[in-house]
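Shown next, in structure tokens, is the structure this report addresses.
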Amino acid sequence: MQHSPRHRAILEQAKLKGQVLVDDLAEQFQVSPQTIRKDLNDLCRAQLLTRTHGGALFPSGVENLEYEARRQIAASEKQAIGQAAAELIPEGASLFINIGTTTEAVSQHLLSHNQLMVITNNINVASRLRVYSGLEVIIAGGVVRASDGGIVGEAAVDFIRQFKVDYAIIGVSAIDADGALLDFDYREVKVAQAIIANARHVILVADSTKMERSAPVRMGHLSQIDTFITDQCIEPSLRQICADHDVQLIEAMKR
């Protein structure tokens with residue numbers, strides 16, 4: 001695609017700052033927020049930026065965003081999602097928690113629970129929960145991914161398959177408009193698929209920015225999920241999939 005001078009200026013700012021915001025750009029270029037959103041969507045379709053709620057990030061490549069940067073994306077929305085998910089988990093339950101900043105937010109809200117068995121391939125979750133006496137934490141074995149402390153690979157898959165738990169709390173990198181659940185690392189996807197297959201009730205936690213992103217590896221489909229918790233469902237087709245397949249949709253910021 002041909003880039004306008006404004007597109008090039010936006011890219012330069014994103015590269016310099018790491019992130020650009022719609023409102024700031026609209027004021028700077030004296031155009032409407034809708035015009036800036038179109039600019040950002042054009043640049044994201046060209047894989048030059050990665051869309052976020054209220055702006056865009058300059059990615060370090062076509063791979064996943066840096067983990068610490070992802071922690072800051074939609075942080076308040078993730079906390080609301082985390083609280084809503086934790087409220088669904090009863091005392092004495094067993095559950096899987098997989099890799100992701102949103103699933104970590106869920107773990108923060110489980111600290112007051114008692115007699116939980118938590119099985120995870122997320123070192124960050126295990127480290128947070130292990131010191132609480134009311135929680136039994138079991139961590140998967142396998143390859144530890146340096147970028148985020150996720151444990152992936154066939155050993156982790158085999159470990160997960162030993163269990164059949166009450167709940168699974170899973171996150172994804174992207175949700176396509178057709179309901180496809182997407183991620184970047186096929187090794188992580190294999191673990192997530194094992195988690196889905198070995199839980200009685202699967203809870204997907206994903207903020208609305210995931211509905212504006214894309215990723216190359218298919219994990220599954222929204223219709224396989226029992227409960228989908230997001231801050232707000234901005235994609236009508238996903239809302240329809242939930243209705244058609246009896247997926248409970250919880251919009252945490254609208255409660």
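For the stretch 135-178, a residue qualifies if it is farther than 13 Å from residue 97 by Cα, open to solvent by 40 Å² or more (accessible area, probe 1.4 Å) and among the hydroxyl-bearing types (Ser, Thr, Tyr), and exactly one does: 147.
Just one of (1) open to solvent by 80 Å² or more (accessible area, probe 1.4 Å); (2) within 19 Å of residue 173 (Cα to Cα); (3) assigned to a helix (DSSP H, G or I); (4) not aliphatic (A, V, I, L, M) fails for residue 15. It is (2). Tell me yes or no: at least one residue of the stretch 81-95 is at pLDDT below 95, open to solvent by 60 Å² or more (accessible area, probe 1.4 Å) and within 30 Å of residue 24 (Cβ to Cβ). No, the stretch 81-95 contains no residue that is at pLDDT below 95, open to solvent by 60 Å² or more (accessible area, probe 1.4 Å) and within 30 Å of residue 24 (Cβ to Cβ).
Yes/no matrix, rows are residues, columns are (1) over 19 Å from residue 87 (Cβ atoms); (2) modelled with pLDDT of 95 or more; (3) acidic (Asp, Glu):
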residue	(1), (2), (3)
169	no, yes, no
174	yes, no, no
208	yes, no, no
217	yes, no, no
243	yes, yes, no
246	yes, yes, yes
249	no, yes, no
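If I go through the stretch 18-41 residue by residue, how many of them are assigned to a helix (DSSP H, G or I) and either under 23 Å from the mean Cα position of the chain (by Cα) or crowded, with 20+ Cβ neighbours inside 10 Å (or both)? Of the residues in that region, 7 qualify.
Quick check on residue 125: is it within 24 Å of residue 87 (Cβ to Cβ) and in a loop (DSSP other than H, G, I, E, B)? Against the criterion (within 24 Å of residue 87 (Cβ to Cβ) and in a loop (DSSP other than H, G, I, E, B)), residue 125 does not qualify.
Scanning the stretch 232-246 for residues being part of a loop (DSSP other than H, G, I, E, B) and either out of contact with any strand residue (DSSP E or B) (no Cβ under 7 Å at 6 or more places or on another chain) or polar (S, T, N, Q) (or both) gives a total of 5. Specify the residue that is nearest to residue 206 (Cα to Cα); the eligible residues are those in the stretch 221-236 that are surrounded by 14 or more Cβ atoms within 10 Å (Cβ to Cβ) and of a type in the set (Ser, Thr, Tyr). Within the stretch 221-236, the match that is nearest to residue 206 (Cα to Cα) is 230.
Looking only at residues of the stretch 42-53 that are crowded, with 17+ Cβ neighbours inside 10 Å and more than 13 Å from residue 210 (Cβ to Cβ), we find that the one that is modelled with the lowest pLDDT is 48.
The values are calculated or read from the model by the stated rules, or taken from the named source; none is laboratory data. All of these numbers come straight from a predicted model, not from anything done at the bench. Neighbour counts are summed over all protein chains in view; Cβ atoms, including those assigned to glycine, are modelled from backbone coordinates with ideal geometry. We work out accessible area using only protein heavy atoms, side chains counted, and drop any ligands, DNA or RNA first. Shrake-Rupley method; radii C 1.70, N 1.55, O 1.52, S 1.80 Å.
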